[in-house]
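The numbers here are math on the coordinates, done by the rules we state, and not lab data. Since this is a predicted model, take the numbers as computed values, not measurements. Cβ: placed from backbone, ideal geometry, glycine included. Neighbour counts: every protein chain shown.
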Ligand SMILES: Cc1cc2nc3c(=O)[nH]c(=O)nc-3n(C[C@H](O)[C@H](O)[C@H](O)COP(=O)(O)OP(=O)(O)OC[C@H]3O[C@@H](n4cnc5c(N)ncnc54)[C@H](O)[C@@H]3O)c2cc1C
């Protein structure tokens, strides 16, 4: 049965969901809406790991991702004089577990474009009764569901009825609130007590290295620079000291947010002044609180949550993008398997995803606390331990704690999707 489906959010999960759904049944009518007036092809580096890599290969998208991958040679810890204290490499052999740096690191904007373009190209070639249409600058004001469908009222007061609604609208998902209520939705977000700001600056002559640099400053502040593109350095500011001013700023205009972050990192040493100066001039600043969404169920009736909206594992795990890819594959797979019964499909999606989500959200021991020493003494201890580990068997040590080795959840096979 072809379905009339609404997907909310054109980030990572939205376009990949549209792509798999259409490939499995070109008769589906799929509408994908995005709150922003145009594609939000921005953001810093994201990585594809574990189950996400073979799934992208199955979808025929891995080469396109690899072609736009960021060339990062690993991670180094530096002190205030820029002296290297520890270094961990990258496994780019195409086999075995990834290191801290994934072989498939890519700028978020590039991945959004790859997935969106792949979906448009497939739509242009598809020969079904249905199709995929993208609508920007569109939001849902209200939705109400019954046994047979979901009535949606858009912010412009237009109304439509869908067989199924998929909320792929990110960590602060409005769909989650609309379906489960504000109280359950808010309680589901478990803060990790870490705030993070991402932005990019023009590459400086001193940013020659292809390594990510991690610099720790007292008071739980960390600055990371990454060789995002040949002309661009990606900068991450992270802090475990969540002040009220910082929390409140996340809802304020970007210029105000930048002021608060500049105040928090002032005097942190190393290259902070130059990096803060770059922040004031950048046009892609994005700040968020790191946390995990833990819901008892990720679907209700005919509405399902996908990716960050339903189960964000936090950037610290490196599994956010992979979770959205896995979620889209499983949801499309269950819809294809239970094609006469969307209720059963969404229930199965909920059940199949549970062990994967638990695995993806598992944090390394001591994370995030140990990542943010509060004193110079704590930083020195961290450098010492990391230095010894990196000198011993870094790859074996690192890979023990990475998502690839957490438990080995394997995605089900869905021949009904006709992907091979
Ligand atoms: C601008 C931006 C920058 C990011 N930068 C980073 C980064 O640097 N590093 C990192 O690890 N992760 C980043 N993320 C998060 C990362 O993309 C996700 O963790 C992950 O890839 C899972 O993707 P997703 O599709 O579930 O959510 P997202 O990628 O967050 O996509 C959600 C999409 O839904 C849209 N949306 C939100 N609310 C509504 C609504 N009510 N109606 C319609 N559309 C809506 C958003 O504009 C966005 O396009 C960023 C996300 C965004 C939106």
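Just a few scattered comments:
- Simple spin-label estimate for residue 392 and residue 208 in nanometres, 7 Å along Cα-Cβ: 3.3
- Nearest-ten-degree value, helix 13-24 long axis tilted from longest Cα axis of the chain: 40
- The order of 385, 326, going from fewest to most other C-beta atoms within 10 Å of their C-beta, is 385, 326.
- When 65, 32 are arranged by Cβ crowding within 10 Å, least crowded first, meaning fewest neighbours, the order is 65, 32.
- Rounded tilt (10° steps) of 342-361 against the dominant C-alpha axis of the chain: 10
- Using C-alpha pairs below 8 Å separated by at least 6 residues, the relative contact order for the chain is 23 percent.
- Each of residue 294 and residue 66 was given a label point 7 Å from its Cα along the Cα-to-Cβ line. The distance between the two points is 3.8 nm.
- Residue-averaged [θ]222 nm for the chain, counting only DSSP H segments that reach four residues, each worth -39500 (n - 2.57): -10500 deg cm²/dmol
- Counting every other Cβ atom within 10 Å of each residue's Cβ, 302, 23, 68 order from fewest to most as 68, 23, 302.
- Residue 241-residue 377 pseudo-label distance in nm [points 7 Å out on the Cα-to-Cβ vector]: 1.8
- DSSP assigns beta bridges within the chain; of those with both partners inside it, close to 65 percent run antiparallel.
- Fully extending the segment from residue 4 to residue 36, taken as 0.36 nm per residue of separation minus the present Cα-Cα distance, adds 9.2 nm.
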